[in-house]
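Below you'll find the structure, written out as structure tokens, and then a few comments.
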Amino acid sequence: MTVTAPAAMLDPALLARIGDLPLLARTVVDGFMHGLHRSRRVGLSLDFAEHRAYQPGDDIRRIDWRVYGRTDRHFVKEYEADTNATVIFALDASASMDFASGPITKFHYGRVLTASLAWLSQRQGDRIGLVTFSEDLIDVVPPSTRHLQLLLHTLGRSRAAGAGRFAPILERAARLMSRAGIVVVISDCYEDPALVQHSVGALRGRGHDVVLFHVHDPAERDLPGDAPITYEDAESGERLPLRPEVLRPKYQAEVEAHRRELARLLGQDRVDYVPLLTTQPLDVALHAYLENRLATSRVR
């Protein structure tokens, strides 16, 4: 039986009460790692896996001298998730992300998720960077092993505004990486699925592994309420009067079709697609990210 992190440590509603983003990230990661270390799941932390023959250029600090003493040959220790990758986090900061039907907006959920994943990546020795985007790139933190605090500070002062432009922004973000790495995209994906596939496919074409976290508020999925109401588009300002109880079945079918099409198209490009609700504990996202890292380390 798998034991996960205590739910209270990863509950978005509780985390929304903490205003300090570095503290939030540390709380999430420490709570998650506490549960992970008690779990029987293997391969999701930097656990020793096997030896391999030393090759020129390997770090001599990883040579197992006990094995050398027995065999008179140099072997280095291999670890399950030891990739020292370059990871770029691309956070959608368009106005639509500033929506909430509960205590936490999609953008705040995305900020906490980005900060937590960055903290986790830093612990694994990765070079981490950040871009936030809406109509254009807003903030850019180049990837480095020393940029965690800069990344957290940048996230802390970021705000959601403007219309989203998915495709060109991701392609520009990928140019920040001098070699193949991991691009983590966090967005509400209010784009045509084919356009999302094209954008993410460009990243895959450059050799990057991609994880896309599709963040939704429960109200966007369910269209709650029975009284007539006027909805306003957060990006265009267009207003539309609706009767939710009449449109709900068709609306829910369209939302599910959009999600399924995203999953299908991104699966064709071997992109990890992870749908998330802002009410879901963050361990869902952290497990998905670490499983991607494990798969990446085995391939490379």
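The values are calculated or read from the model by the stated rules, or taken from the named source; none is laboratory data. Bear in mind the structure is a predicted one, so any value in this text is a computation, not a measurement. A quick note on method: Cβ atoms are made from the backbone with ideal geometry, for glycine too, and the neighbour counts reach across all protein chains shown. Side chains are part of the model used for accessible areas, which takes the heavy atoms of the whole protein and leaves out ligands, DNA and RNA. Shrake-Rupley method; radii C 1.70, N 1.55, O 1.52, S 1.80 Å.
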*Counting only residues that are at pLDDT 85 or above and either open to solvent by 20 Å² or more (accessible area, probe 1.4 Å) or within 21 Å of SER121 (Cβ to Cβ) (or both), how many does the range 172-192 have?*
10
*So is ALA115 closer than 28 Å to GLU235 by Cα, in contact (Cβ under 8 Å) with a residue 40 or more places away in the chain and open to solvent by 20 Å² or more (accessible area, probe 1.4 Å) or not?*
no
_Residue in the range 228-250 that is touching a residue at least 40 places away in the same chain (Cβ under 8 Å) and within 17 Å of the chain's Cα centre (by Cα) present_ = no
*Identify the residue in the range 155-171 that is in contact with an Asp or Glu (Cβ under 8 Å, 6 or more places away or on another chain) and buried (at least 21 other Cβ atoms within 10 Å of the Cβ) and, among all such residues, is modelled with the lowest pLDDT.*
GLY164
_Tally up the residues in the range 221-262 that are open to solvent by less than 70 Å² (accessible area, probe 1.4 Å), of a type in the set (D, E, K, R) and under 16 Å from PRO275 (Cα atoms), please._
3
*Given (1) in contact (Cβ under 8 Å) with a residue 60 or more places away in the chain; (2) more than 18 Å from SER96 (Cβ to Cβ), where does ASP217 come up short, assuming only one miss?*
(2)
_Count of the range 194-216 residues which are open to solvent by 10 Å² or more (accessible area, probe 1.4 Å), within 19 Å of ALA93 (Cα to Cα) and in contact with a Lys or Arg (Cβ under 8 Å, 6 or more places away or on another chain)_ = 1
*asked:* If I ask for residues that are in contact with a Pro (Cβ under 9 Å, 6 or more places away or on another chain) and open to solvent by 10 Å² or more (accessible area, probe 1.4 Å), which ones from the range 118-149 would you list?
replied: TRP119, ARG127, ASP136, LEU148, GLN149
*Verdict on ARG259 being at pLDDT 90 or above and closer than 30 Å to GLY207 by Cβ*: yes
_Condition met for LYS77 (modelled with pLDDT of 80 or more and of a type outside the set (A, V, I, L, M, F, W, C))_ = no
